[in-house]
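Below is one structure, written out as structure tokens; the observations come after it.
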Amino acid sequence: MYQSWKWIVPCLAIFLFSSQALAADQAQRAEVAKEKAEALEQAVVTEGKDISPPNSLIITKPGVQAVDPTGRGPLEDAITCLARAIYWEARGESVATMEAVADVVINRLGHEGFPETVCEVVRQGGEQGSCQFSWWCDGRMDHAENEQAYATAKEISRRALNGQLPDRIDGALYFHQRQISPGWGRNFIKTNQIGDLVFYKLREGVAP
């Protein structure tokens with residue numbers, strides 16, 4: 001029995017050390033991804049969303065997936081805010097629909113009529129109780145519950161911030177579910193319908 005414990009103790013120590021090293025590596029990857037996302041969102045504001053970021057700013061797949069792995073973190077960085085918006089607005093839709101929601105956020109980020117960070121875009125209107133994105137004001141917890149869908153949302157966030165998403169919605173800034181007909185829709189130009197969502201851009205001379 002004593003001989004068995006002689007082997008178990010070193011094995012436990014190795015396991016604990018490996019776990020700590022893995023956690024530290026994940027945290028470092030997440031921090032690097034967050035820093036790059038912050039630089040990329042500001043590049044969209046100052047230079048436009050069609051910029052090609054340098055390789056040094058490209059967010060990697062391991063980096064983005066290391067950010068908020070449980071979907072329960074605070075909404076305080078670009079990746080988490082964008083991923084959570086994609087998740088709650090289109091988690092049951094196709095990847096193309098989820099990408100289109102990401103495009104709306106990025107389009108707003110680069111438009112003078114909207115805030116200058118992803119998180120501010122996502123939270124806009126909350127201070128007046130009339131949110132631009134309904135999930136932010138619905139009074140429910142904002143934690144992501146479906147791990148696979150949230151991982152997909154984070155990967156789409158990564159590609160959106162890297163400027164790697166196709167423009168499926170022709171610069172649209174707004175969308176709604178196809179089952180409803182909001183009055184504001186006739187003031188804008190319909191650009192596309194993807195899945196259950198209908199997308200619109202501004203008419204010339206119409207303020208956002």
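The values are calculated or read from the model by the stated rules, or taken from the named source; none is laboratory data. In this text the structure is predicted, and so the values were computed from the model without any measurement. We place every Cβ from the backbone using ideal geometry, glycine too, and count neighbours over all the protein chains shown. Just so you know, the surface numbers come from the protein's heavy atoms only, side chains and all, with ligands and any DNA or RNA stripped out. Shrake-Rupley method; radii C 1.70, N 1.55, O 1.52, S 1.80 Å.
A few notes on this one:
- Dipole-positive endmost among P166, N146, I156 within the range 111-201 (Cβ charges, Cα centre): P166
- Estimated vicinal HN-Hα couplings, Hz - the range 93-100 in sequence order (Karplus 6.51, -1.76, 1.60; Gly, Pro = x): 9, 6, 4, 4, 5, 4, 5, 5
- Taking amide hydrogens as placed 1.01 Å from N in the peptide plane, the amide H of N192 sits under 5 Å from those of F199, each at least 5 positions away in sequence or on another chain.
- Sparsely packed GluC sites (Glu not before Pro) within the range 135-208, loop by DSSP, other Cβ within 10 Å at most 16: E145, E204
- Accessible area of the chain belonging to carbon and sulfur atoms, whole % at 1.4 Å probe: 51
- Anisotropy class of the range 59-124 from Cα gyration tensor, a/c 1.5 cut: oblate
- Taking every C-alpha pair closer than 8 Å and separated by at least 6 residues, the mean separation divided by the residue count of the range 77-205 gives a relative contact order of 27 percent.
- Lysine pairs meeting the criterion (Cα under 24 Å, 8 or more apart or interchain), as found in the chain: 12
- Shape call, the range 111-208: gyration tensor on alpha carbons, a/c limit 1.5: rounded
- Per residue, the solvent-accessible area of the chain (1.4 Å probe, heavy atoms of protein chains only, all protein chains present) comes to 56 Å².
- Whether the chain is rounded, prolate or oblate, judged on the alpha carbon gyration tensor where a/c under 1.5 counts as rounded: prolate
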